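Below is one structure, written out as structure tokens; the observations come after it.
The values are calculated or read from the model by the stated rules, or taken from the named source; none is laboratory data. This is a predicted model, so every value here is computed, not measured. So basically every Cβ, Gly included, is an ideal-geometry build from the backbone, and we count neighbours across all protein chains shown.
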Amino acid sequence: MTNTEKKDRGLLRIDTDECKGCGLCIEACPPKVIGLSERLNHYGYRTAVYAGHGCTGCGICFMVCPEPGAITVLRAVLPPSRQTSGLPHHDAEGASPCASN
Amino acid sequence: MSNQAEAGYVVSHGRSKAFYERFERKSELQHQTHFCPGCGHGTVHKMLAQAIDELGIQDRTIMIGPVGCGVFTYYYFDVGNVQAAHGRAPAVATAMKRSRPESIVISYQGDGDLSAIGSAEILHAANRGEHISVIFVNNAIYSMTGGQFAPTTLLGQKSTTTPLGRSAKAEGYPLHISELLATLQAPVYIERVGLGDNKQVAQAARAVRRAVENQVRGLGFSLVEILSPCPTIWKMTPVESQHWVRDVMEKTFPLGVFCDRTREAQAQTAPAAAPPLERIPEILGVVGAAEPEFSATQARTAEVDLEVRIAGFGGQGVLLLGEVLAEAGLDAGLEVSWLPSYGPEMRSGTSNCHVRLSSAPIDSPLVSAPNMLIAMNEPSLRKFDASVRPGGWIIYNGDEFPPECMRKDVHVLAHPFTHLADELGDARACNMTMLGALLEIAGAVPQASIDAALHRLVRNPRWVELDERALERGRAVCRESMVEEVTR
Amino acid sequence: MRKQLMKGNEAIVKSAILAGCRAFYGYPITPASEIAEAAAEYMPQAGGVFVQAESEVAAINMLYGAASAGVRCMTASSGPGISLMQEGISYMAGAELPCVIADITRGGPGLGNIAAEQGDYHQVVKGGGHGNYRTLVLAPDSVQEMADLTALAFELADRYRNPAVVLADGFVGQMMEPVEFPQAAAAPRQPTWAVTGTAETRANLITSLYLDPDELEAHQRGLEAKYRLAEQRETRAEEWSTEDAEIVLTGYGIVGRILKAVTSEARADGLKVGLLRPITLYPFPRAHFQRLARRARVFIVVEMSNGQLIEDVRLALNGARPVEFFSRVGGNVPSHQEVLALVREQARRMKRAQASGKEQMAHV
Ligand code: SF4
Ligand code: SF4
Ligand code: SF4
């Protein structure tokens, strides 16, 4: 990703160890930017995969997902002028750095 | 540490802190829940964890786990955890909240647990307005046990125990817990939500949070019923079962708020501070200091061994008569016991009690062979007459002693004691006239002890005064009849 | 202090509060209701909780909650109510939660009647619920013991983290006798294992669920070890003129009192009779029986149930001595005359046997 590209408002991280491939997030995502992997994970599930772009950061996929940590939704940090006071209290530090796929 | 692609982003929706990092209480698959793919329980768990996070109550929260697919709440929630018996979580929650009012007690239950076996517990916890939050996951079936019919199963829905589908005729209609509980006056908040689509899910999350927040605010009983997919037992894909919630289940179980008294509800006030420990004996009335010393001196010449049976109709004051005698005996420094016949007998007619006064320790408090019988009416006389020990006494309330009951080997004092009491102003004092006669004969207890006992047991001063006169009158009658006997 | 005349049922509550009990959950039933009534009066004044539950099932599960929250707690009931509580008692034993249950027994089976009977022996002493567990059972015979053994029951329940039962019949519950209480109240204790809704107790878990067979086996072995320890340390019994007793009478609760009267009268007749009254029914005072068996020639079990206590007596004696039996049930009480007649008959038989034994010796 370069600075010239238009940055998405949101970004999706999927923990393939946790995902059970139920597909609820795929159904729920308004811009339809989640799909199902061809590869099976460690437990034998086909897992959710983020398309790589187009996420609006709405968080709906997170809400419908039954697994506590399968989905993490990230939001672009707003330019300083528009930034509101408090950050959401889950900060990225300390979250496990799982590649989305 | 974020990878490079995530530079410029922060987490907006991620794993709740109210969940354990890893589910170490599980023996395997510690990254995941034990729920089937697409199970509504997982989604509800997340809503609950998020509410706990947002309200900042993780340390205060006590989660009560049910029996059913939701049994392992303690695998996941990093809060205080208690696992309850099937259906009993509201009872467990009741006691925990009452003893620990500062804690936030959440009862997590499924529909078999809550609406069938635990229907009494939830109804009464709600009706008492317990300050707890109940998360009720309704998937219209017994899931963990393999798909048997539940009270919430839809009409026509197949289950392993309704193989042809639920019929109203055989199994009745789906039980509407939210509507049912909303008829009660105590609950402050009851809402039914679903997990049928994005909108429903968002509303469900709000409702779960409200149910917990109400408790944080001290408002009272809150319950959220969540229509929740069970893809495995329903034999549908997760997405199909989500749609089934919205398209089918919701028709039987309409969504909405059924009760909301959060605005009128008074916040719970802090419970009154417990009294200091030093005051407990006084509260219980077991402090010695305030009690008067024994009225009588312990010095006694004669051995006392009174075995008394007192019998009459209910309402004649049989038990009180015995109690005054025992209390007086105790005051006089004797060993005593008082044992009533109890139960329906007490209500429907006859009543009797056993009293022992003895200068030696009392072995058995049961008096099967009395040396004193007070028979306040004829049936009582006939019942116990034969049991009196040779040489003992029968004090009988009646105009004349029935000749068939006459025994050569016992003393008899027969007198219409009720008339005596009548003359004194109240027939109910008959028992004390008879006690007076007994004391006159037995002589075991000093008058001061009788007075002390009367004052301790009879609260109304008017009655104390009447009883004192009755006792004296009874004694007098006894003395007169003795004189008669001797002069005859 | 001056002794007070009090009902056994009331003494239980006062003793409980003095012992630091601060929660009572119950459901009314004759002849135990005075316990709930006294608790309703005193528990809130002492800063505790009283709730009349919707059923005994709910009541015992409320105890499960109160005990989980680290509070000394109790309930009281009678036969039919105890039957309903068995589920919760099993859960509490499984989750290692202490509580005290007073069972003021009445006549059964079914609705039976409300007169005093001892038919709850099996369901209480043998652990009437499901699974491998025991309850600690104390059997008072007087109002003073109602108070003392209630306090002890709380101690034992805590020491072994297990439900303890005060098993008394309707007579002991309903009768009044002089009683004395300790003059200082114990402070409610704060166990470290409880779940109290604080940061310190957040990691605690109360459960009786052990999915893995090996884990459940280990858990059960742990419970067994506790019970073995209790068997070594906690047995209690009263012996009354047993030093030279050839006939040993045994019975618990109100029967023990009757047998005392029988023993006195038999002694007055010159018969060598003694009384062994179990105070703990579980753990059962086996050693007392075994010791007395060295001298005694016969044991007579008297109970207000149809042969329940006698099973434990026989197990304790393990065939060492013959065991005779007398019982009245249905609310009838063995009179001391009835038992005395039995004792005299035994004595005659023993004498005859002795005489014929001597004769035989003479012939040798
Ligand atoms: S990320 Fe969650 S919702 Fe999506 S497929 Fe995986 S488990 Fe299901
Ligand atoms: S956050 Fe919204 S847009 Fe992004 S993947 Fe999830 S559902 Fe789709
Ligand atoms: S059986 Fe149903 S309720 Fe149970 S875990 Fe599976 S999907 Fe969930």
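So, in the stretch C:154-172, of the ones that are within 14 Å of another protein chain (Cβ to nearest Cβ) and under 22 Å from B:V286 (Cβ atoms), which residue ends up farthest from the chain's Cα centre (by Cα)? Once the filter is applied, the top-ranked residue is C:V172.
crowded, with 24+ Cβ neighbours inside 10 Å and either facing chain B (nearest Cβ under 7 Å) or more than 21 Å from the chain's Cα centre (by Cα) (or both): is that true of C:M146 in this structure? Spelling it out, it is not the case that C:M146 is crowded, with 24+ Cβ neighbours inside 10 Å and either facing chain B (nearest Cβ under 7 Å) or more than 21 Å from the chain's Cα centre (by Cα) (or both). All conditions but one from (1) among the charged types (D, E, K, R); (2) within 22 Å of B:F221 (Cβ to Cβ); (3) over 23 Å from the mean Cα position of the chain (by Cα) apply to B:K26; the one that does not is (2).
Condition test on B:V193, is it within 16 Å of ligand 1 (Cβ to nearest atom) and within 14 Å of chain A (Cβ to nearest Cβ)? I'd like the intermediate steps shown before the answer.
Numbers: within 16 Å of ligand 1 (Cβ to nearest atom): no; within 14 Å of chain A (Cβ to nearest Cβ): yes.
Against the criterion (within 16 Å of ligand 1 (Cβ to nearest atom) and within 14 Å of chain A (Cβ to nearest Cβ)), B:V193 does not qualify.
Based on what the data block shows, is B:K46 without any contact (Cβ under 8 Å) to a residue 60 or more places away in the chain, of a type in the set (K, R) and within 16 Å of ligand 3 (Cβ to nearest atom)? Step through it out loud before you land on a result.
Numbers: without any contact (Cβ under 8 Å) to a residue 60 or more places away in the chain: yes; of a type in the set (K, R): yes; within 16 Å of ligand 3 (Cβ to nearest atom): yes.
In short, yes.
Could you tell me whether A:R39 is of a type in the set (K, R), over 11 Å from the mean Cα position of the chain (by Cα), surrounded by 15 or more Cβ atoms within 10 Å (Cβ to Cβ) and away from ligand 3 (no atom under 16 Å from the Cβ)? Criteria not met by A:R39. Residues in the stretch B:16-55 that are more than 10 Å from chain A (Cβ to nearest Cβ) and closer than 29 Å to B:S99 by Cα: B:R25, B:L48, B:A51, B:I52, B:L55. Please verify whether the stretch B:119-126 includes one or more residues that are closer than 27 Å to B:Y20 by Cβ and within 12 Å of chain C (Cβ to nearest Cβ). No, every residue in the stretch B:119-126 fails to be closer than 27 Å to B:Y20 by Cβ and within 12 Å of chain C (Cβ to nearest Cβ). Contact annotation: residue pairs with Cβ atoms under 7 Å, 6 or more positions apart or on different chains, pairing a residue in the stretch C:44-73 that is under 21 Å from B:I283 (Cβ atoms) with a partner that is surrounded by fewer than 24 Cβ atoms within 10 Å (Cβ to Cβ) and β-branched (V, I, T), are C:Q45/B:I283; C:A46/B:I283.
Surrounded by 16 or more Cβ atoms within 10 Å (Cβ to Cβ), of a type in the set (S, T, N, Q), more than 9 Å from chain B (Cβ to nearest Cβ) and touching a residue at least 12 places away in the same chain (Cβ under 8 Å) - does that describe any residue in the stretch A:48-59? No; the residues of the stretch A:48-59 include none that is surrounded by 16 or more Cβ atoms within 10 Å (Cβ to Cβ), of a type in the set (S, T, N, Q), more than 9 Å from chain B (Cβ to nearest Cβ) and touching a residue at least 12 places away in the same chain (Cβ under 8 Å).
Residues of the stretch C:239-248 include at least one that is surrounded by fewer than 17 Cβ atoms within 10 Å (Cβ to Cβ), at pLDDT 95 or above and part of a strand (DSSP E or B).
To keep it simple, each residue is scored yes or no on (1) within 23 Å of B:R25 (Cβ to Cβ); (2) within 11 Å of chain B (Cβ to nearest Cβ); (3) over 26 Å from the mean Cα position of the chain (by Cα).
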{"position": "C:Q174", "(1), (2), (3)": "no, yes, no"}
{"position": "C:V179", "(1), (2), (3)": "no, yes, no"}
{"position": "C:T192", "(1), (2), (3)": "yes, no, yes"}
{"position": "C:V195", "(1), (2), (3)": "yes, yes, yes"}
{"position": "C:L211", "(1), (2), (3)": "yes, yes, yes"}
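Does C:A230 count as touching a residue at least 24 places away in the same chain (Cβ under 8 Å) and either within 9 Å of another protein chain (Cβ to nearest Cβ) or of a type outside the set (A, V, I, L, M, F, W, C) (or both)? Taking the combined requirement at face value, the residue does not satisfy it.
Only one residue in B:T73, B:T61 is of a type in the set (S, T, N, Q), more than 16 Å from ligand 3 (Cβ to nearest atom) and either over 26 Å from A:A28 (Cα atoms) or more than 7 Å from chain A (Cβ to nearest Cβ) (or both). Which one? Explain how you work it out, then say what you get.
Details: B:T73 fails: more than 16 Å from ligand 3 (Cβ to nearest atom).
So the residue among B:T73, B:T61 that is of a type in the set (S, T, N, Q), more than 16 Å from ligand 3 (Cβ to nearest atom) and either over 26 Å from A:A28 (Cα atoms) or more than 7 Å from chain A (Cβ to nearest Cβ) (or both) is B:T61.
Among B:V304, B:V336, B:V324, which is modelled with pLDDT under 95, assigned by TED's automatic domain parsing to the domain that holds B:L439, of a type in the set (A, V, I, L, M, F, W, C) and within 30 Å of B:D451 (Cβ to Cβ)? Break it down into steps so the answer makes sense when it comes.
Working: B:V336 fails: modelled with pLDDT under 95; B:V324 fails: modelled with pLDDT under 95.
The unique qualifying residue is B:V304.
On the stretch given as the stretch C:21-50, residues that are over 22 Å from C:V172 (Cα atoms) and either charged (D, E, K, R) or at the interface with another protein chain (Cβ under 7 Å from one of its Cβ atoms) (or both) total 6. Selection of strands (runs of 3 or more DSSP E) fully inside the stretch C:1-96 by the criterion of at least 3 residues being modelled with pLDDT under 95 and small (G, A, S) returns nothing.
Filtering the stretch B:68-110 down to residues that are part of a strand (DSSP E or B) and touching a residue at least 24 places away in the same chain (Cβ under 8 Å), which residue is nearest to ligand 2 (Cβ to nearest atom)? Quick ask: steps written out before the conclusion?
Within the stretch B:68-110, the subset part of a strand (DSSP E or B) is B:77, B:80-83, B:104-110.
Still in the running and touching a residue at least 24 places away in the same chain (Cβ under 8 Å): B:77, B:104-110.
Numbers: B:F77: 25, B:I104: 30, B:V105: 33, B:I106: 28, B:S107: 31, B:Y108: 27, B:Q109: 30, B:G110: 28 Å.
Selected residue: B:F77.
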